[in-house]
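Notes for the one structure printed next.
The values are calculated or read from the model by the stated rules, or taken from the named source; none is laboratory data. This structure is a prediction, so every number in the text was calculated from the model and none was measured. A quick note on method: Cβ atoms are made from the backbone with ideal geometry, for glycine too, and the neighbour counts reach across all protein chains shown. Calculation scope for accessible area: heavy atoms of the full protein, side chains included, ligands and nucleic acids excluded. Shrake-Rupley method; radii C 1.70, N 1.55, O 1.52, S 1.80 Å.
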Amino acid sequence: MKNSTFCIGLMSGTSLDGLDICYVRFDDAQSFEILEAETIDYQPALKNKLQNAYEFSAMDLCEFDINFGYYLGEQVNLFMKKYKITQVDFVASHGQTIFHQPQNHFTLQIGNGAAIASKCNQKVICDFRTQDVVLGGQGAPLVPIGDELLFNQYDACLNLGGFSNISMNRNGKRIAFDICPINIVLNHYAKQLGFDYDKNGELATKGSVNLDLVNQLNELQYYKDDFPKSLGFEWVENQFLTIVDNYKISIEDKLRSCIAHFVFQINSITQKYDINNMLITGGGVRNVFFMNCLQDNSAVEIIIPTDNLIDFKEALIFAFLGFRRANNQINCLASVTGAISDHSSGIIYEPFSQK
């Protein structure tokens, strides 16, 4: 292994905030530096297709898989040109999750790796989840290997994205799981008021908590299940939103009640596992009202890192997953996902011509 590895991580989450691109240098298994990073907003037409791709026919989804891969490769090219990046050992791409049903042994992230490689002419490592699912795991969360090796100075790491997920070391093993939805729900209701998202939680501040709704959400079976466990859009649509939509209350009240529910669920986990301090990253950190509610109702010391880590920690860690896959090192932990064993996951596509 070379002294330094330079790579680009791509992350597109369920909240569809945009494509996160992170150029990072790894000096060894526990040392990194984010060199450049930015978020590319999706154009409305592409965002709409990504939101509705789960309803596509098989043929249309296959075509979109390739075209979205082309798009990702083109964005890598533009990013490299913008920041005058000349040294890249590989691109690691999460893809966009369309289906996630580990109980049925399948998961699908589109953004075809061969298509990415054909556009940017770089080695591409992608599809990190499928192998774990067919090995009996949840295929999620995958970030905890990075938490274990790059951020182990904290009791726990909490990510607030489309879903909130937490990871921590207990009895010498890293455990992790999705806690509850966050932005995938908040954005859904903000859109009903004509906004892409609830900036700073301003819409929610105008609402009131409906305790009956909060209590009913808290009774969902998922919250009673033990880990390993993970959430997908299908669960949100079929179980979570159907409950909220049965309440004839204002959108602002729905937003405020959902935030109360999310805070309750996160605090339940920090209390259960006796967490003293917690690194929090992800787009949800930008929701000022949500963060104030979380801090006001928790005894945990909350650590908010630099902007680069808030916004690009997941893209960084998927680059790290690629780094470990390229060196045939474990990047999926059975203690986290429930797979039959630890393993090194990801498909590698070589560049198509010599530079």
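Things worth noting here:
- Only one item in (1) 70, 44, 35; (2) 66, 65, 39; (3) 62, 46, 38 matches Cα extents along the principal axes in Å derived from the coordinates shown, and that item is (3).
- Label separation (residue 276 vs residue 85): 3.8 nm, computed from points 7 Å beyond Cα along the C-beta direction.
- Annotation: amide H of residue 106 within the under-5 Å range of 101, sequence separation 5 or more or interchain, hydrogens built in the peptide plane.
- Cα-projected label distance for residue 200 with residue 249, points at 7 Å along beta-carbon direction, nm: 2.4
- Projected label distance in nm at residue 104 and residue 209, using a 7 Å step from Cα toward the beta-carbon: 3.7
- Lysines with Cα under 21 Å of residue 272, excluding same-chain neighbours fewer than 8 positions away: 173, 224, 229
- The antiparallel fraction among DSSP beta bridges confined to the chain stands at about 75%.
- Ordering of 271-277, 342-348, 108-114, 142-148 by burial proxy (mean other Cβ atoms within 10 Å per residue, highest first): 142-148, 108-114, 342-348, 271-277
- Cross-link reach list, lysines versus residue 81, counting only Cα pairs under 30 Å and skipping chain neighbours closer than eight places: 2, 47, 49, 119, 123, 313, 355
- Taking amide H as placed 1.01 Å from N in the peptide plane, residue 303 has its amide H under 5 Å from the amide H of 278, 279, 280, each at least 5 places away in sequence or on another chain.
- Backbone N atoms of segment 64-102 closer than 12 Å to the 7 Å Cα→Cβ label point of residue 40 belong to residues 68-82.
- Dipole orientation for the chain: of the candidates 345, 238, 121, 121 has the Cα lying most toward the positive pole (charges on Cβ; Lys, Arg +1; Asp, Glu -1).
- Averaged over its residues, segment 17-155 has an accessible area of 43 Å² per residue, based on protein heavy atoms and a 1.4 Å probe.
- Accessible area (Å², per residue) of segment 248-312, counting only protein heavy atoms and a probe of 1.4 Å: 43
- Segment residue 343-residue 330, extension gain: residue separation times 0.36 nm, minus the distance between their alpha carbons: 4.2 nm
- Surface composition of the chain: carbon plus sulfur atoms contribute 47% of the solvent-accessible area (1.4 Å probe, protein chains only, all chains present).
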